[in-house]
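The values are calculated or read from the model by the stated rules, or taken from the named source; none is laboratory data. Keep in mind the model is a prediction, meaning the values are calculated, not measured. Note: ideal-geometry Cβ built from the backbone for every residue, glycine included; neighbour counts use all protein chains shown. Heavy atoms of the whole protein, side chains included, go into the accessibility calculation; ligands, DNA and RNA do not. Shrake-Rupley method; radii C 1.70, N 1.55, O 1.52, S 1.80 Å.
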Amino acid sequence: MGVSKHSLVFLFCFILCSFVIPELVFAGETRHYNFEIRLQNVTRLCHTKSMVTVNGKFPGPRIFAREGDRLLIKVVNHVSNNISIHWHGIRQLRSGWADGPAYITQCPIQSGQSYVYNYTIVGQRGTLFWHAHISWLRSTLYGPIIILPKHGVPYPFPKPHKEFPIIFGEWWNADTEAVISQALQTGGGPNVSDAYTMNGLPGPLYNCSAKDTLKLKVKPGKTYLLRLINAALNDELFFSIANHTLTIVDVDAIYIKPFKTNTLLIAPGQTTNLLLHTKSHFPNASFLMVARPYVTGQGTFDNSTVAGILEYETLKHPKNLPVFKPNLPALNDTSFATNYTKKLRSLANSKFPANVPQKIDKKFFFTVGLGTNPCNQKNQTCQGPNGTMFAASINNVSFVMPNIALLQAHYKGQSNGVYVPFFPNDPLIPFNYTGSPPNNTMVSNGTKLVVLPFNTSVELIMQDTSILGAESHPLHLHGFNFFVVGQGFGNFDPNKDPANFNLVDPVERNTVGVPSGGWVAIRFLADNPGVWFMHCHLEVHTSWGLKMAWLVLDGKLPNQKLLPPPADLPKC
């Protein structure tokens, strides 16, 4: 039997591809990853603890892909905790079953069970990350998602000599599940972390930590792309490298108009790509890369600094070089934060347009902030304000997690007793949101959703409140990017403020900080059917109920409908 010419060509290609790195072969390929959820002993700050990890690594493994690739990630749960993984910032077009927040799009993966997350990366390139999305397990379960452009498509900035991901996190000597469990029981604020980390390492400014320091080795006169991710639970961070200027080129996997800065601000859930141009000649010094918190709330926080070292490679190895340290803004420098975020603008060119919705179908006004619940402990006062329990809410609704996944309930038409399909478009009782707080700080509790017809264009104003103190809230929307068209301080004025909205080149993001004592306006097109979580990415506020969900209905066309659930979707 003869072999056809086509068969020989195919065989040759197959053999060739076997010896070439997958990233370099075809665009739009399928990539397989295995995530084994296991306990692992890890030591930091001279303290060893058993923690939940992916494949025994802290932080977890990097995911590499190209725009257009399909990812099949099998998660096998070998620990006693329930697990779910969220692919933060991935659009999940029609693949909501793979989004990952527990009890929103799926039941968690129980001990001894597995689930394959199956999704395609459509129209996205840049830096995102994955993390656990149940309780506080994302304190140890997180890692980078690096999405390269399609083959032959260049970056819209100079090609870097090398790329480095830097992922910020926290180290806790305690078990974070015990920390949040105790806080929810007593109604008080949870204990804070013991250190911040870069790629899992606290660095030399902490006791017993000099050996656990991230070192970035660079050559003179080169350009490096640093992919920054804030995976910390509860802190926005300032970041700077001593004696070096940073050029910001991308946030939340969206290219922006490049601008130079010495310091950047990055909230939990946000990513930032920057170009680092090294000095043209070898400097006789090393340089600290440091991060520490930006703090607006009144609660306790981890007032410490993580540091890594930028070292220049040289043929000689000089000893005892001086180490330069950068100056960071004050911990509460809101004017720096405001000026920095104002510089973020979309590229908005023909290749990378900013498709800002110009005509709005539905407008929403959400208050976001803290409040209280009555104490639920018999014969005992709680540790929240005036003996109450801390709570948090959107439009005074503190979200109650259901017992089965909202997306399943919606798909099967069994919403009764699971969720209520209306959420207040505006606060039920208007008040002076940033003035003297009202006497009654109690919130209402419920599982309420906003229902949107497919392709609704939405404008949402998120207003911080001064109830229990004004505070910055990084709000993350699943399933969508949105355009940040305006922001300001004080109360949003619907008659004056919209005239100043930027509808030409606003930054496009998936996580935005609602300014402390101010408001932010976003716009998005609800073109992705499913149930999409929106919550504060400060984990303590999410635990207290600062979260809600959008239900986007199917469109009329086949490609506008949610795909059926996979056969291995976990059961509650």
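Note on Asp175 and Met442: with the Förster distance fixed at 30 Å, the Cβ-Cβ geometry gives a FRET efficiency of about 0.45. With each label modelled as a point 7 angstrom along the Cα→C-beta vector, the Glu311-Phe352 pair spans 3.3 nm. Among rounded, prolate and oblate, which fits segment 344-489 when a ≥ b ≥ c are the square roots of the eigenvalues of its C-alpha gyration tensor, a/c under 1.5 means rounded, and a/b larger than b/c means prolate? Oblate.
A cut-off of 5 Å between modelled amide H atoms, ignoring neighbours fewer than 5 places along the same chain, links Arg66 with Leu148.
Restricting segment 322-398 to trypsin sites (Lys or Arg not before Pro) that sit in a DSSP loop and have at most 12 other Cβ atoms within 10 Å of their own Cβ leaves Lys351, Lys359, Lys378.
So which trypsin sites (Lys or Arg not before Pro) in segment 443-530 end up in coil per DSSP with only 13 or fewer other C-beta atoms within 10 Å?
In loop regions of segment 443-530 (DSSP not H, G, I, E or B), the sparsely surrounded trypsin sites (Lys or Arg not before Pro) are Lys496.
So, with +1 on the Cβ of K and R and -1 on the Cβ of D and E, and no other charges, what is the size of the charge dipole of segment 362-560 about its Cα centre, to the nearest 20 debye?
Values: 10 positive and 11 negative charges, 100 e Å.
Using Cβ point charges on Lys, Arg, Asp and Glu, segment 362-560 gives about 480 debye.
How big is the C-alpha Rg of segment 162-342 next to the rule-of-thumb value 2.2 N^0.38 Å, as a ratio?
On the way: Rg = 17.2 Å, N = 181, 2.2 N^0.38 = 15.9 Å.
After normalising by residue count via 2.2 N^0.38 Å, the value is 1.08.
Considering only DSSP beta bridges whose two residues both sit in segment 30-148, what percent are antiparallel, to the nearest 5? Just about 70 percent of them are antiparallel. Overall, the chain carries a charge dipole of about 1460 debye about its Cα centre when +1 sits on the Cβ of Lys and Arg and -1 on the Cβ of Asp and Glu, all other atoms neutral. If a/c stays under 1.5 just call it rounded; otherwise compare a/b with b/c (prolate if a/b is bigger, oblate if not). Do that for the chain, with a ≥ b ≥ c from the square roots of the Cα gyration tensor eigenvalues. Note, shape of the chain comes out rounded.
Give the percent of DSSP beta bridges with both residues in the chain that are antiparallel, rounded to the nearest 5. Walk me through the numbers before you get to the answer.
Numbers: 102 of 144 bridges.
The antiparallel proportion sits near 70 percent.
In the chain, the portion of solvent-accessible area held by carbon and sulfur atoms comes to 53 percent [1.4 Å probe, whole percent, DNA, RNA and ligands not counted].
So, counting K/R as plus one and D/E as minus one, what does the shell of residues with Cβ under 9 Å around Ala267 add up to? Show your work: numbers first, answer last.
Details: positive: none; negative: Asp235, Glu236.
Net local charge, Ala267 excluded: -2.
Rounded to whole numbers, the Karplus 3J(HN,Hα) couplings from phi for segment 467-479 are 4, 6, x, 5, 7, 6, 10, x, 8, 10, 10, 6, x Hz, using 6.51 cos²θ - 1.76 cosθ + 1.60 with θ = phi - 60°, and x at Gly and Pro.
Computed over neighbours whose Cβ is under 12 Å from that of Val76, the net charge equals 0, Lys and Arg +1, Asp and Glu -1.
Within segment 335-399, the proportion of Cα pairs with more than 15 Å between them is 74 percent.
When the charge dipole of the chain is built from unit charges on Cβ atoms (+1 for Lys and Arg, -1 for Asp and Glu) and taken about the Cα centre, the candidate among Val249, Pro570, Tyr312 whose Cα reaches farthest toward its positive end is Tyr312.
Each Lys or Arg adds one and each Asp or Glu subtracts one; over the other residues with Cβ under 10 Å from the Cβ of Pro149, this totals +2. Potential lengthening of the chain between Ala567 and Ser286 amounts to 95.8 nm, from the contour at 0.36 nm per residue minus the alpha-carbon distance. Label-to-label distance for Asn559 and Asn327 is 5.5 nm, based on points extended 7 Å past Cα in the beta-carbon direction. Each residue of segment 168-180 was assigned a 3J(HN,Hα) from its phi angle through the Karplus curve 6.51 cos²θ - 1.76 cosθ + 1.60 (θ = phi - 60°); the sequence is 7, x, 9, 10, 10, 5, 7, 7, 4, 5, 6, 4, 6 Hz, with glycine and proline shown as x.
Are there chymotrypsin sites (Phe, Trp or Tyr not before Pro) in segment 444-522 that DSSP puts in a loop and that have at most 11 other Cβ atoms within 10 Å, and which ones?
When the chymotrypsin sites (Phe, Trp or Tyr not before Pro) of segment 444-522 are filtered for loop state and at most 11 Cβ neighbours within 10 Å, nothing remains.
Residue by residue, segment 438-453 carries 3J(HN,Hα) couplings of x, 5, 8, 9, 6, 9, 9, 10, x, 10, 10, 10, 8, 9, 10, x Hz when phi is fed to the Karplus relation 6.51 cos²θ - 1.76 cosθ + 1.60 (θ = phi - 60°); x denotes Gly or Pro. Ligands, DNA and RNA are left out, and with a 1.4 angstrom probe the accessible area of the chain is 42 Å² per residue.
When a/c is below 1.5 the answer is rounded, else prolate if a/b is larger than b/c, else oblate, so apply that to segment 506-572 with a ≥ b ≥ c taken from the square roots of the Cα gyration tensor eigenvalues.
Working: a/c = 3.16, a/b = 1.46, b/c = 2.17.
Oblate.
Amide H contacts under 5 Å for Asn234: Glu539, restricted to partners 5 or more places along the chain or on a different chain, H placed in the peptide plane at 1.01 Å from N.
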